[in-house]
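The numbers here are math on the coordinates, done by the rules we state, and not lab data. Everything numeric in this text was worked out from a predicted model, so none of it was measured. Methodologically, a virtual Cβ is constructed for each residue, glycine included, from the backbone with ideal geometry; neighbour enumeration extends over all protein chains shown.
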């Protein structure tokens, strides 16, 4: 079966830098071999991150952009950042997460995570997502930052699990957990509660976190389907597996496939090998092999198109300053050999830049598609 080829097209470089019209941009994606486009909108915009997300200065309309992509034959997914919002973090003190030591979350670089149990925020995200779906009429939704907080991009060797902050141990989260297991909290207040959870309730706590994230996914899915039946859902997931940092993907981030399978149609696993300083070939093989027995859903490998986190703030990572064409090809070969259902690229700006430099990576994507198909 032909693999799925998709791209995260969050920004508007196609207009502001490459001066393409909507129709021309859509046709460019088609010529690159794309099947799916993960886009954003101005109704529920993505916060700024490593991708410049400034909309075009000239007239722009979300529905027209989606329609242009759909008319070209692409399947379009509207993206929503669920638990990432600098504005909400700054304006809402009780949405700021607390770690296992009682420390409040401190933003790092562009990232600031939110407590996933804040009821008003969950209601707002559901409403915004429903409005974006109603007004732009995409084919599906892409749920990003759907996790308990964690800046996993800095979880680099030789970091150990005991140096990783885990969230959220606010009194609301702890109360909901205790209620879920029908257990009274021990005496001693928040410090004693946190100690009780990490020493005596670790397994139950992890299960609750994974179930909570899956429940939020279900709530958002229902909100989208209520205004546009028949849509499907992609989850922003991780290349991290259960063997990484003592199962941090479930215990810290709260993503467990067993809980998510009923409400997710496609999993996107981020294999950002330059960011994480990993050899993509064994990493992709190992993680896909681990995921396959856990789900019958679509599994997509997401590869980064250029080197990231080069700013002085991240210098302790000592990352490679470029991704070679050989590394890109090796990663695609690994995706093909591992049996993933397709590949996404983060992000479209990198493929547009690649074409301006000869198009080696775009050509490699087309070879991957044609060989697998």
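Can you find, within the range 97-142, the residue that is farthest from residue 177 (Cα to Cα) among those that are without any contact (Cβ under 8 Å) to a residue 40 or more places away in the chain and assigned to a loop (DSSP other than H, G, I, E, B)?
Of everything passing the filter in the range 97-142, 107 is farthest from residue 177 (Cα to Cα).
Can you tell me which condition residue 219 does not meet? The list is (1) touching a residue at least 60 places away in the same chain (Cβ under 8 Å); (2) surrounded by fewer than 23 Cβ atoms within 10 Å (Cβ to Cβ); (3) not in a helix (DSSP H, G or I), and all the others hold.
Going through the list (1) touching a residue at least 60 places away in the same chain (Cβ under 8 Å); (2) surrounded by fewer than 23 Cβ atoms within 10 Å (Cβ to Cβ); (3) not in a helix (DSSP H, G or I), residue 219 breaks only (3).
The rows are residues; the columns are (1) buried (at least 16 other Cβ atoms within 10 Å of the Cβ); (2) assigned to a helix (DSSP H, G or I).
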{"site": "300", "(1), (2)": "yes, no"}
{"site": "303", "(1), (2)": "yes, no"}
{"site": "316", "(1), (2)": "no, yes"}
{"site": "321", "(1), (2)": "no, no"}
{"site": "328", "(1), (2)": "yes, yes"}
{"site": "335", "(1), (2)": "yes, yes"}
{"site": "343", "(1), (2)": "yes, no"}
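Let me confirm something: among 190, 158, 186, which residue is in a loop (DSSP other than H, G, I, E, B), more than 23 Å from the chain's Cα centre (by Cα) and surrounded by 13 or more Cβ atoms within 10 Å (Cβ to Cβ)? Can you show your working first?
On the way: 190 fails: in a loop (DSSP other than H, G, I, E, B); 158 fails: surrounded by 13 or more Cβ atoms within 10 Å (Cβ to Cβ).
Within the list 190, 158, 186, the selection yields 186.
What's the number of the only condition in (1) assigned to a helix (DSSP H, G or I); (2) without any contact (Cβ under 8 Å) to a residue 12 or more places away in the chain that residue 214 fails to meet?
Only one criterion is unmet by residue 214, namely (2).
Please return the ranges of strands (runs of 3 or more DSSP E) entirely within the range 1-90 where 1 or more residues are surrounded by fewer than 21 Cβ atoms within 10 Å (Cβ to Cβ) and touching a strand residue (DSSP E or B) at 6+ places or on another chain (Cβ under 9 Å).
Because the criterion is at least 1 residues that are surrounded by fewer than 21 Cβ atoms within 10 Å (Cβ to Cβ) and touching a strand residue (DSSP E or B) at 6+ places or on another chain (Cβ under 9 Å), the strands (runs of 3 or more DSSP E) in the range 1-90 that meet it are 4-9, 75-81.
Of (1) surrounded by fewer than 21 Cβ atoms within 10 Å (Cβ to Cβ); (2) more than 23 Å from residue 204 (Cα to Cα); (3) in contact with a strand residue (DSSP E or B) (Cβ under 8 Å, 6 or more places away or on another chain), residue 280 satisfies all except one. Which?
Against the list (1) surrounded by fewer than 21 Cβ atoms within 10 Å (Cβ to Cβ); (2) more than 23 Å from residue 204 (Cα to Cα); (3) in contact with a strand residue (DSSP E or B) (Cβ under 8 Å, 6 or more places away or on another chain), residue 280 comes up short only on (1).
Of everything in the range 226-248, what is in a loop (DSSP other than H, G, I, E, B) and either under 19 Å from the mean Cα position of the chain (by Cα) or buried (at least 18 other Cβ atoms within 10 Å of the Cβ) (or both)? Give them in sequence order.
Across the range 226-248, the qualifying residues are 231, 239, 240, 241, 242, 244, 245, 247.
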